[in-house]
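Read the structure below first, then the notes.
The values are calculated or read from the model by the stated rules, or taken from the named source; none is laboratory data. Small disclaimer: the values here were computed from a predicted structure and weren't measured. Note that each Cβ is placed from the backbone with ideal geometry, even for glycine, and that neighbours are counted across all protein chains shown. To get the accessible areas, we keep the full protein, side chains included, count just its heavy atoms, and leave off ligands, DNA and RNA. Shrake-Rupley method; radii C 1.70, N 1.55, O 1.52, S 1.80 Å.
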Amino acid sequence: VEQALAAVHFYRRGEQYELVDGRAVMIDEFTGRFMPDRQWQHGMQQAVQAKEGLAISGEGRSLASLSFQRFFRLYPFLAGMTGTARGATRELEQIYGAPVRVVPTHRPVRRKLLPTQVFATDDQRWRAVAESVAQVHASGRPVLVGTRSVAASQRLSAMLTDHGLPHDVLNAVHHQKEAQVIAGAGQRGAISVATNMAGRGTDIKLGPGVHELGGMHVVLTELHAAKRIDEQLIGRCARQGDPGSAQIFVSLDDELLAKHRPFLLTWAKLRYGSRVRSINSPIARAMMRSAQRKAESSAFAARKAILRRDDWLEEVVPGG
């Protein structure tokens, strides 16, 4: 009964999974891509299948498991390079004993970060995003809009269509045209709506004349559970000395706030719930960042717990 209730209320199509060829396929929250070879355990996969009216598959069984922490520690040497490691310095040093060093950028960063816009409701946020995209599009600059889920990207796509704004959508459902969308995302007047598929290591080249207009503009429609993921998407603009700008739009209805700072959400709803415009308040922006830091702290604690379990297994299990 608990699994059935969880499947109905917490596992949402377009967010945690999508239907592909008659199957419920998991979506990776951090990459925005399908995970066709993975499935939920303890009957959750079957509960989701029943919810969607699909054929019930047999329950899989894990024969062995290995945490990321234990896997990486199998290597005698660890090294890596990323543009967002600075925020994970403490974890990389504590868990893996890997020091973090910041390398200066090849060219000066010319990215402009506009103030975060906070709205009382989800609908207000999406309307503001659509209006912002239309405004930047009118100047000829390309716009990349990042969403946290397939459902959100499709919702925004419908709104942009209603505004008469031509655009491309890149998510797990439309992954076949990924290269085509990325190739055109930096061209003059282009509008691209994407999940995190476009936020990790993607180099978007600016088209002719775009540099003079101010480069690409990136819009984040919601904060992620880790600031690094936000920084990855923001980093799609103003690369290699090019100009560019980015702005974040959030609302009090966001899952991040409800899950990690519910007491602040209650206070904010009482204070700002009747606002119809952006909540132009440093307190509101700090509240959203506080929820994000709490999410990062909880995830770090969970990973440390896994590491402690791994250490215990190595001590007590022969040949572990």
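Listed values, structure above:
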read-out: Qualifying residue in the stretch 262-278 (condition: in a loop (DSSP other than H, G, I, E, B) and either of a type in the set (A, V, I, L, M) or crowded, with 22+ Cβ neighbours inside 10 Å (or both)); value: yes
read-out: Number of the condition not met by Ala158 [criteria: (1) touching a Lys or Arg at 6+ places or on another chain (Cβ under 8 Å); (2) surrounded by fewer than 20 Cβ atoms within 10 Å (Cβ to Cβ); (3) not in a loop (DSSP other than H, G, I, E, B)]; value: (1)
read-out: Cβ-Cβ under 8 Å pairs, at least 6 apart or on other chains, the stretch 91-116 side assigned to a loop (DSSP other than H, G, I, E, B), far side charged (D, E, K, R) and open to solvent by 100 Å² or more (accessible area, probe 1.4 Å); value: Val100/Arg86; Val102/Arg86
read-out: Some residue of the stretch 117-137 being polar (S, T, N, Q), touching a helix residue (DSSP H, G or I) at 6+ places or on another chain (Cβ under 8 Å) and assigned to a strand (DSSP E or B); value: yes
read-out: Looking only at the stretch 38-81, and only at residues there that are surrounded by 10 or more Cβ atoms within 10 Å (Cβ to Cβ) and of a type in the set (Phe, Trp, Tyr), the one that is farthest from Ile306 (Cα to Cα); value: Trp40
read-out: Residue in the stretch 253-272 that is under 10 Å from Phe119 (Cα atoms), in contact with a Phe, Trp or Tyr (Cβ under 6 Å, 6 or more places away or on another chain) and either modelled with pLDDT of 85 or more or of a type in the set (A, V, I, L, M) (or both) present; value: no
read-out: Pairs where the first residue, in the stretch 25-37, is under 20 Å from Lys51 (Cα atoms) and the second is assigned to a loop (DSSP other than H, G, I, E, B), C-beta under 6 Å, 6+ apart; value: Val25/Pro36; Met26/Arg38; Ile27/Ala172; Phe34/Ala172; Met35/Asp28
read-out: Of all residues in the stretch 6-37 being modelled with pLDDT of 85 or more and among the charged types (D, E, K, R), the one that is least open to solvent (accessible area, probe 1.4 Å); value: Glu18
read-out: Number of the condition not met by Gly164 [criteria: (1) in a helix (DSSP H, G or I); (2) free of Cβ contacts under 8 Å to residues at least 60 places away in the same chain; (3) small (Gly, Ala, Ser)]; value: (1)
read-out: Search result, residues across the stretch 206-260 that are under 21 Å from Ala130 (Cβ atoms), open to solvent by less than 10 Å² (accessible area, probe 1.4 Å) and part of a helix (DSSP H, G or I); value: Asp230, Leu233
